[in-house]
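As structure tokens, the structure follows; a few thoughts come after it.
The values are calculated or read from the model by the stated rules, or taken from the named source; none is laboratory data. These figures come from a predicted structure and were not determined experimentally. Every residue, glycine among them, receives a Cβ derived from its backbone with ideal geometry; neighbour counts consider all protein chains shown.
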Amino acid sequence: MAVQAPKKRLDARAIRADFPIFEQLIHGQPLAFLDSAASSQKPRQMLEEMTEFYSTSYANVHRGVYVLAERATAALEGAREKVRALVNAPDVREIIFVRNATEAINLVAYSWGLNNLGPGDLVVVTELEHHSNFVPWQYIAGRTGAKLAMIPLTDEGELDLSGLDAIAAQGQIKVVATNQVSNSLGTINPVEKLVAWAHDQGAIFVCDAAQSAPHMTVDVQALGADFVAISAHKMCGPSGVGALWGRTELLRAMEPFLLGGHMINSVRLEKTTWGELPHKFEAGTAPMAEAVGFGAAIDYLQAIGFDAIEAYEHELAAYALGRLGELDGLTLYGPPADRRAGIVSFNVEGVHPHDVAQILDMQGVAIRAGHHCCQPLMQKLGVAATNRASFYLYTVREEIDQLVEGLHTVRKVFA
Amino acid sequence: MNEFDQMYREVILDHYKNPRGHGEMENADAEAEGQNPLCGDEVSIYVAFADDGETIDEVKFSGRGCAISQAATSMLTEMVRGRKAIDVARLDKDELLEEIGIPLTPVRLKCAMLGLTTLKVALHKAKGTPLPDGLAGFDELELS
Ligand SMILES: Cc1ncc(COP(=O)(O)O)c(C=O)c1O
């Protein structure tokens with residue numbers, strides 16, 4: 001008889017002890033770090049694994065025949081396998097290491113877009129995109145003569161899918177590119193539905209999973225997408241490394257993006273031929289230690305469990321929305337707690353987000369204030385900027401309480 | 001004095017809540033629009049010259065921004081009225097910073113400078129003088 005394992009609940013206080021950053025005071029206060037959506041803090045386990053790699057196994061990968069080069073190669077390829085398992089890719093050669101999600105999307109926009117887009121074609125993005133998944137498409141559409149179309153938002157900050165037919169009538173849709181979780185509103189987008197729609201139109205689907213992969217299971221086969229982009233630094237890994245997953249057939253047919261060492265098969269004066277996947281897309285020395293750190297971060301998160309992380313962040317979002325709702329003169333943006341990840345955007349009436357964030361910082365509370373690289377969205381909301389508090393597996397309720405206290409002070413200063 | 005009061009001293013909050021020279025101007029002799037790409041804040045500056053065509057007779061500004069950027073721009077309008085365009089186009093930023101009189105982190109310094117930079121661009125454009133280094137990029141990148 002199958003016994004259902006009891007759902008593991010995450011112990012944020014124990015997890016927090018793994019993160020050295022919290023051992024200090026900021027402006028004499030315990031640090032309330034509510035900006036994990038921009039980049040997460042790092043657990044000791046990950047840092048130690050990078051140090052260990054540098055201390056015992058470091059050399060350039062692939063080309064060397066000595067022990068250290070072999071160790072480094074094994075470490076890099078081991079990390080690649082961890083990323084493959086993370087996103088459940090069918091083949092490890094479909095995992096391409098890049099600098100970050102932005103580079104992953106640029107790779108697709110250039111290498112796929114330049115050869116497959118032209119006049120009469122449509123690239124569809126949403127009003128909810130990070131500039132990373134907007135600007136490359138706007139630019140490549142412009143260069144190829146394709147048009148950019150936007151899926152609009154409802155007042156609750158969710159994608160309005162009622163106009164999809166009208167969009168399809170504007171031209172031949174070749175690419176649909178959306179995020180899975182919005183970094184500014186926390187909206188969880190119906191990616192499976194959009195993938196099905198994209199494929200009905202004969203288009204490819206590019207999923208910006210930069211903001212979802214840290215917080216929930218991202219299964220590229222279940223999603224059915226064609227490309228998926230992630231960044232390690234948002235998921236307890238180091239900065240400087242991310243991954244692109246793409247379908248083998250598409251990657252094989254694409255031109256390389258960056259050119260140089262390591263990505264070649266043979267180089268002759270007359271002609272250079274490209275290496276096999278994934279090397280064709282990995283010109284130059286790889287971010288080796290960073291990839292090792294990425295792998296360690298994946299181990300760390302998987303040991304805790306993505307289901308537990310996701311459930312805990314929902315709890316925090318609900319708690320934060322409740323507490324912030326107690327404050328007068330506060331506008332909250334985005335969908336209800338059950339349909340959003342651990343991200344809360346808001347404005348305080350009469351006080352610019354920069355001033356809110358500054359006064360909060362003086363009280364040890366770190367939030368983000370600005371357009372969150374989402375200027376099209378800000379335009380839609382009719383504001384220049386918002387405040388954003390975002391949570392992760394090490395966030396505790398006291399930090400949200402500290403935020404609410406801080407906001408009372410903001411109101412007092414500007415009263 | 002605590003930190004909040006130091007940064008958000010009375011005069012800053014006063015300029016923020018009651019900005020001087022707030023509004024738009026039709027048929028301005030000089031105007032420009034500036035944006036802070038970090039936060040998306042925008043300011044438009046309008047200048048009317050006196051009959052000599054050199055003296056700043058009136059300055060107005062519109063747009064949106066934080067207390068620091070709005071207060072700094074408001075103070076700026078008071079500082080430059082009656083001065084020669086050519087001098088203001090070369091104004092040392094420390095003069096404005098002294099007037100603001102609070103410690104600013106690098107990010108907040110950009111907020112404080114938004115109005116002045118935009119005003120300088122407006123004056124250089126009106127006078128046909130080349131934009132100094134640093135402002136050239138500003139004009140091209142942020143004022144398109
Ligand atoms: C939804 C989303 N997409 C893309 C990015 C870009 O990630 P990176 O800066 O690591 O390339 C971010 C990061 O802020 C994001 O939140």
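Some values worked out for this structure:
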item	result
Qualifying residue in the range A:392-411 (condition: away from chain B (no Cβ under 12 Å), closer than 28 Å to B:G34 by Cα and crowded, with 20+ Cβ neighbours inside 10 Å)	no
Members of the range A:118-152 that are β-branched (V, I, T), within 12 Å of the ligand (Cβ to nearest atom) and in a helix (DSSP H, G or I)	A:V135
Some residue of the range A:174-181 being within 13 Å of the ligand (Cβ to nearest atom) and surrounded by fewer than 21 Cβ atoms within 10 Å (Cβ to Cβ)	no
Pick from the range B:59-73, criterion within 12 Å of chain A (Cβ to nearest Cβ) and in a strand (DSSP E or B), ranking: surrounded by the most Cβ atoms within 10 Å (Cβ to Cβ)	B:G63
Odd one out for B:T105 among (1) polar (S, T, N, Q); (2) in contact (Cβ under 8 Å) with a residue 12 or more places away in the chain; (3) surrounded by fewer than 19 Cβ atoms within 10 Å (Cβ to Cβ)	(2)
Where a residue in the range A:20-32 is away from chain B (no Cβ under 14 Å) and its partner, wherever it lies, is among the small types (G, A, S), with Cβ under 6 Å and at least six apart	A:L31/A:G364; A:A32/A:G364
Out of A:A69, A:A104, sole residue that is within 20 Å of A:E290 (Cβ to Cβ), at pLDDT below 95 and part of a helix (DSSP H, G or I)	A:A69
Residue check for B:D52: free of Cβ contacts under 8 Å to residues at least 12 places away in the same chain and more than 9 Å from chain A (Cβ to nearest Cβ)	yes
Top-ranked residue in the range A:363-380 [being within 19 Å of A:A320 (Cβ to Cβ) and more than 11 Å from chain B (Cβ to nearest Cβ); ranked as surrounded by the most Cβ atoms within 10 Å (Cβ to Cβ)]	A:V365
Failed condition for B:R108, given (1) within 16 Å of the chain's Cα centre (by Cα); (2) among the charged types (D, E, K, R); (3) outside any strand (DSSP E or B); (4) more than 13 Å from chain A (Cβ to nearest Cβ)	(4)
Residue under evaluation A:A38, criteria (1) aliphatic (A, V, I, L, M); (2) buried (at least 21 other Cβ atoms within 10 Å of the Cβ); (3) in contact (Cβ under 8 Å) with a residue 60 or more places away in the chain, criterion not met	(2)
Residue that is nearest to the chain's Cα centre (by Cα) [pool: residues in the range A:381-391 that are part of a loop (DSSP other than H, G, I, E, B) and within 13 Å of another protein chain (Cβ to nearest Cβ)]	A:A385
Number of the condition not met by B:P37 [criteria: (1) within 14 Å of chain A (Cβ to nearest Cβ); (2) surrounded by 24 or more Cβ atoms within 10 Å (Cβ to Cβ)]	(2)
Residue among A:E290, A:E313, A:E326, A:E270 that is buried (at least 18 other Cβ atoms within 10 Å of the Cβ) and either under 30 Å from A:G406 (Cα atoms) or modelled with pLDDT under 95 (or both)	A:E313
Residue among A:A79, A:A74, A:A12, A:A89 that is away from chain B (no Cβ under 14 Å) and either within 16 Å of the ligand (Cβ to nearest atom) or without any contact (Cβ under 8 Å) to a residue 60 or more places away in the chain (or both)	A:A74
Residues satisfying the stated conditions in the range A:182-208, i.e. under 29 Å from A:G145 (Cβ atoms), in contact with a Leu (Cβ under 9 Å, 6 or more places away or on another chain) and within 16 Å of the ligand (Cβ to nearest atom)	A:N189, A:V191, A:L194, A:F205, A:C207
Those residues of the range B:87-102 which are of a type in the set (V, I, T) and outside any helix (DSSP H, G or I), in sequence order	B:I102
Of residues in the range A:337-379 being polar (S, T, N, Q) and free of Cβ contacts under 8 Å to residues at least 24 places away in the same chain, the one nearest to the ligand (Cβ to nearest atom)	A:Q379
Filter pass, A:A229 being over 30 Å from A:D11 (Cβ atoms) and part of a loop (DSSP other than H, G, I, E, B)	no
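One line per residue, one yes/no per condition, for (1) within 14 Å of chain A (Cβ to nearest Cβ); (2) assigned to a loop (DSSP other than H, G, I, E, B); (3) surrounded by fewer than 18 Cβ atoms within 10 Å (Cβ to Cβ); (4) among the basic types (K, R):
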position: B:Y16; (1), (2), (3), (4): yes, no, no, no
position: B:E42; (1), (2), (3), (4): yes, no, no, no
position: B:Y46; (1), (2), (3), (4): no, no, no, no
position: B:D57; (1), (2), (3), (4): no, no, yes, no
